[in-house]
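One structure is given here, and the rest of the page talks about it.
Values quoted throughout were computed directly from the atomic coordinates according to the rules given, and no laboratory measurement underlies them. None of these values were measured; they are calculated from a predicted model. Please note: Cβ atoms are built from the backbone with ideal geometry, for glycine as well, and neighbour counts cover all protein chains shown.
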Amino acid sequence: MGDPVTDPAPDGIDEGRRLIRLGGDKGLSLADRLAERFHRLTWRTPLHTLRLKGRYPLKLIAVPEDPILGDIARGTMLLEGVLSFRGEARDIETLDLSKPHPKPFAEYLQSFAWLRDLSTVATRARGAPIAEYLMGLWLTAHADTQGGIAWRPDMWGRRILAWTAHAPLILSSSDQIYRSKVLNALAKGALHLDRTADKAPAGAPRIAAWCGVVAAGLLIPGGEPRQAFGEAGLLRALGTGLFDDGGSVSRSPAMLLDSIQLLTLLQESYAARSAELPETVAVTLTRMVAALLGVAHADRGLSSWQGGGPASETQVAAVIEASGVRTRPLRQARDWGYQRLAAGTAVLIVDAAPPPIARL
C-alpha cells in the first residue's frame, strides 16, 4: 500500500461570509521603517563586527542532502565556466563579486543556489574546483565586509542551507586555511542571523532567515540553544508569512513554492541528525503543499500570479516529491483567496481575494 494521502484542513467559505483582507494595507509604520533602517546601518559599524567575534567550528556535525534536482542547463554552463540566470551570464574567470549585478542574478549568485545546479551535472571531482573557486571569490569580497545584499538575513539563511547541503563541493580542498575561512564565515553568518533574522521581510525571506538559524543550530557544534531559539523564530515567521490555510500572505504561488523548498531543505538538516521537523512545522508544510496544489493547473504547473513567474510541472513536482507530503489540492481557500474548480481534465482557478498588503 502507498503512503496515505493527507487531507488539508476543511475548505470552503461559510455562507454569508466573504473574503476580506485583515490588518489594513498600510504596511510598516514610519517608526518601524526608521527602526529597520537604523538596524541595517549598524551592520557597518564596529559594534556589529564585535558581535560577530567568537569561537568558530572546525567541522560540521553532519551533512544533509539536497533532495531537489537543479537546472541541468545552468549546471552545464557552469562546467563551461559561465554562471547564468534569467538571461544574465557571466564568465566566472572575470566575475567581480564586489560590483553590483541585476537583482535576480545577484540573489542567485549570493544565495549559492547555483551549487544545486552544479551538483546535478557534476561529480565531486569535477564540480569542487569550480565551487571552491567561486567560494574563494565570495570570501575575498564579502567574508569580512558586512553590508549589502551579501549580508541580507534571507541571503545568509539560504547560503547556510546551500553550504551545508553541498559541503562536499565547497570543503573538499586539502587547504586547511581555505577550509577554516569557509567554516569561520559560516559561523559568522549564523551569529549575524541570530540578531537579524526577524528583520527580513515577512514571507519567504524571513522564513529563509530562520531556516538558516535552525540549520546552523543542528549542524554546527554546540548549537542546541540556537536550535531552540531558531525553532521559536521559525514558528513566528510561518505565522506572519502564511495564512492559516497554508497560503502565502504575499498571495504569490511562486513565493509559496520557494517557502516549501526552504522547509524541505531544513527537513533534510533534521534528517541528517536523525530527527524530524517539529510537528507544528510539519503540519504547516502539509497545508502549504495543499494550497500550492490548489493553484496548479491540470498539468501541475503554475502560471503567473501576484508578481510571481510561472513554474513548470517538473519544478513543482520535484519540490513536492522532495517535501514528502502527499495531500489533495485546496479547492476553496478561506484566506489564500484562490478558488479551484475541476471537472475531468479542465481546471478553473480564480483569484477571488483582495491584493496583498502594500508592504509585508
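Sort 225-236, 343-354, 251-262, 98-109 for me by packing, meaning the mean count of neighbouring Cβ atoms within 10 Å per residue, highest on top.
Peptide ranking by packing, descending: 251-262, 225-236, 98-109, 343-354.
How would D335, D245 line up from fewest to most surrounding beta-carbon atoms within 10 angstrom?
D335, D245
Can you check what the net charge comes to around R287, using other residues whose Cβ is under 9 Å from the Cβ of R287 (Lys, Arg +1; Asp, Glu -1)? Mind dumping the intermediate values first?
Values: positive: none; negative: D244, D245.
The answer is -2.
I'd like the per residue volume of the convex hull spanned by the Cα atoms of segment 57-195, given in cubic angstrom.
Residue-normalised Cα hull volume stands at 107 Å³.
For segment 161-320, what is one quarter of the convex hull surface built on the Cα atoms, given in nm²?
That works out to 9.9 nm².
Distance from the Cα centre of segment 139-170 to that of segment 197-228, in angstrom?
13
Normalised radius of gyration for segment 113-251, please: alpha carbon Rg relative to 2.2 N^0.38 Å, two decimal places. The partial results should precede the final answer.
Details: Rg = 15.6 Å, N = 139, 2.2 N^0.38 = 14.3 Å.
For segment 113-251, the normalised Cα radius of gyration is 1.09.
Fewest to most neighbouring Cβ within 10 Å: what's the order for W305, W210?
Ascending Cβ contact count within 10 Å gives the list W305, W210.
Specify whether the C-alpha gyration tensor of segment 224-303 places it in the rounded, prolate or oblate class, a ≥ b ≥ c being the square roots of the eigenvalues: rounded for a/c under 1.5, otherwise prolate if a/b is larger than b/c and oblate if not. Could the numbers behind the result be given before it?
Working: a/c = 2.58, a/b = 1.73, b/c = 1.49.
Prolate, since a/c reaches 1.5 and a/b exceeds b/c.
Work the Kirkwood hydrodynamic radius out for segment 71-140: mean of 1/r over every pair of different alpha-carbon atoms, inverted, in Å.
The answer is 12.0 Å.
If you bin every alpha carbon distance in segment 242-359 into 5 Å steps from zero, what whole percent lands in each bin?
For segment 242-359, the pair-distance distribution reads 2, 12, 23, 25, 19, 11, 5, 2, 1.
How much net charge surrounds A143 when only the other residues with a Cβ under 11 Å from the Cβ of A143 are counted, with Lys and Arg +1 and Asp and Glu -1? Intermediate results must be reported in sequence, preceding the final value.
Values: positive: K181, K188; negative: D144.
Here the charged neighbours net out to +1.
Looking at segment 301-360, I'd like the Rg to Rh ratio, where Rg is from alpha-carbon atoms and Rh is Kirkwood's inverse mean 1/r.
Here Rg/Rh amounts to 0.98.
First obtain the Kirkwood hydrodynamic radius of segment 247-291 from its Cα pairs, then insert it into the Stokes-Einstein equation at 20 °C and 1.002 mPa s, and state the resulting D in µm² per second as a whole number.
Numbers: Rh = 10.9 Å.
The estimated diffusion coefficient comes to 196 µm²/s.
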